[in-house]
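The values are calculated or read from the model by the stated rules, or taken from the named source; none is laboratory data. This one's a predicted model, so the numbers in the text were calculated from it and none came from an experiment. All Cβ positions, even for glycine, are placed from backbone atoms using ideal geometry, and neighbour counts span all protein chains on display. Protein only, heavy atoms only, side chains kept; ligands, DNA and RNA dropped before computing areas. Shrake-Rupley method; radii C 1.70, N 1.55, O 1.52, S 1.80 Å.
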Amino acid sequence: INYNLSKFFLQKVKNFMEILQIGSYTITGFITETRLSVVYESTDTASSRCTKLAIKLLKKETNNYSQVANEININRTNNCIYIMPIIEIIESDKIPPNFIIGIVMVNAIGRDLFQMVLDCGHLDEDVVAQIAFAGLNALKYLHEDKFIIHRDIKPDNFFLMDESITEL
């Protein structure tokens, strides 16, 4: 057993156990962690909807508050079906102290494009066409309607809501 790997997973479990409730959301699982955020699977205990949600908690060391605020403001006026909407912003007084803000979104229960390519090895032309159509429409909306240039276009940022719907 790799000691460092075991220590890593024990820390993840410990972190997860400390954050079982954030506002009206119950954490039900760990999705991923990046340099700037941790994403958890959750459900809304105050609502009767059964939608799987994701809570993205931004780490304090993010140090780019203006970029985060800008992304949130842009998303609040989002009218593009190919861009994942923000459901709620959770302020810092309701989240663990090592994070600055929580962003609640619908959980893409499919997978990201990168994982799909890894899993499938290749994609059929009609699937690629559908993903390209959705991605290009999202980018067109950002560029023409919001005057934004997306600077992080990569397969990991294309989320497949299921096997047929793609969101950026």
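Residues are listed down the side, and each one gets a yes or a no for (1) open to solvent by 30 Å² or more (accessible area, probe 1.4 Å); (2) more than 20 Å from Gly29 (Cβ to Cβ):
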residue: Ala69; (1), (2): yes, yes
residue: Cys80; (1), (2): no, yes
residue: Ile90; (1), (2): no, no
residue: Glu125; (1), (2): yes, yes
residue: Ile149; (1), (2): yes, yes
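Within the stretch 92-102, being closer than 17 Å to Ile27 by Cβ and in contact (Cβ under 8 Å) with a residue 40 or more places away in the chain holds for Lys94, Ile95, Pro96, Phe99, Ile101, Gly102.
Within the stretch 28-66, the residues that satisfy the criterion of being farther than 22 Å from Asp93 by Cβ and either open to solvent by 80 Å² or more (accessible area, probe 1.4 Å) or of a type in the set (A, V, I, L, M, F, W, C) (or both) are Phe30, Ile31, Arg35, Ser48, Arg49, Cys50, Lys52.
Does any residue of the stretch 95-103 turn out to be within 16 Å of the chain's Cα centre (by Cα), open to solvent by less than 90 Å² (accessible area, probe 1.4 Å) and either of a type in the set (Phe, Trp, Tyr) or under 23 Å from Lys154 (Cβ atoms) (or both)? So far as the stretch 95-103 goes, yes, one or more of its residues are within 16 Å of the chain's Cα centre (by Cα), open to solvent by less than 90 Å² (accessible area, probe 1.4 Å) and either of a type in the set (Phe, Trp, Tyr) or under 23 Å from Lys154 (Cβ atoms) (or both). Filter the stretch 78-96 for residues that are touching a helix residue (DSSP H, G or I) at 6+ places or on another chain (Cβ under 8 Å) and not hydrophobic (A, V, I, L, M, F, W, C); which is farthest from Gly135 (Cα to Cα)? Among those residues, the one meeting the criterion is Pro96. For the stretch 127-147, the tally of residues that are in contact with a helix residue (DSSP H, G or I) (Cβ under 7 Å, 6 or more places away or on another chain) and open to solvent by less than 40 Å² (accessible area, probe 1.4 Å) stands at 1. Determine whether the stretch 86-96 contains at least one residue that is in contact with a strand residue (DSSP E or B) (Cβ under 9 Å, 6 or more places away or on another chain) and part of a helix (DSSP H, G or I). Yes, some residue in the stretch 86-96 is in contact with a strand residue (DSSP E or B) (Cβ under 9 Å, 6 or more places away or on another chain) and part of a helix (DSSP H, G or I).
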